[in-house]
Amino acid sequence: MAPLKDTEETLVREEAHRLLTEYMLEHHQRKTPERYAILDAVYSFDGLFDVDQLFQRLEDRFRVSRASIYTTLDLLAQIGLVVRNQMPSKVYYERNIPGQVHFYKACTECGKLERFTNDSLGRLIKEMPVKRFHPSMYSLTISGLCSKCLTNINRRKKRLDKKKKAKPKAVTDKGTAAKEKGKGTPKEKKKTN
């Protein structure tokens, strides 16, 4: 997916501001500068981010608590301005631009979530009819192993295989093993002496 041009980016942000304002007026919520600062920070990311990254981005420009960030992200997700991606180890967010298709690769080992593009799959999903439903956002997550985790797993397997091959076979009957070596068992040695 190509990045938005500056004019498109400005229009997307203005539309997000408009939707947030309408929602807060309609639901009798306060239009605080913190909410708009968080919205602007969210829309400054081109891709996935987590709460820590958002907090760091806001820290330099606007003083806001983590509680306000979480509350506002919930609000933005409810409005449809943010996509929340729940992974086993972490929650990732991404701004939601209507009509965009979101594809993700999710590593089941390390929890890393990465966005990727596939134009032909995107067109196919957008054209796919969904009976008695009007989709506003499309998202597809493919779970598996990232290349780094797959490499680490393969290395661990090789190390274990080497250890298994290097270990001598365990002998269960000490007497049999001693006889095979020609030394006899300790009891047999006492009898012959």
Are any residues in segment 70-88 under 16 Å from the mean Cα position of the chain (by Cα), without any contact (Cβ under 8 Å) to a residue 24 or more places away in the chain and either over 22 Å from GLY99 (Cβ atoms) or in a helix (DSSP H, G or I) (or both), and if so, which ones?
GLN86, PRO88
Give segment 14-36 a look and list any residue that's touching a residue at least 40 places away in the same chain (Cβ under 8 Å) and under 13 Å from GLY80 (Cα atoms), or say none.
ALA16, LEU19, LEU20, TYR23
In segment 45-69, residue surrounded by the most Cβ atoms within 10 Å (Cβ to Cβ) [restricted to those that are part of a loop (DSSP other than H, G, I, E, B), of a type outside the set (Lys, Arg) and out of contact with any strand residue (DSSP E or B) (no Cβ under 9 Å at 6 or more places or on another chain)]:
VAL64
All-but-one check, TYR104 against (1) more than 18 Å from the chain's Cα centre (by Cα); (2) surrounded by 14 or more Cβ atoms within 10 Å (Cβ to Cβ); (3) outside any helix (DSSP H, G or I), failing number (1)
Among the numbered criteria (1) within 19 Å of the chain's Cα centre (by Cα); (2) surrounded by 12 or more Cβ atoms within 10 Å (Cβ to Cβ); (3) part of a helix (DSSP H, G or I), which one does GLU34 miss?
(1)
Failed item in (1) among the polar types (S, T, N, Q); (2) modelled with pLDDT of 85 or more; (3) closer than 28 Å to THR72 by Cα, with THR141 passing the rest
(2)
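The values are calculated or read from the model by the stated rules, or taken from the named source; none is laboratory data. Keep in mind that this is a model prediction, so the values were computed, not measured. Here the Cβ is made from the backbone with ideal geometry for all residues, glycine too, and neighbour counts use every protein chain on show.
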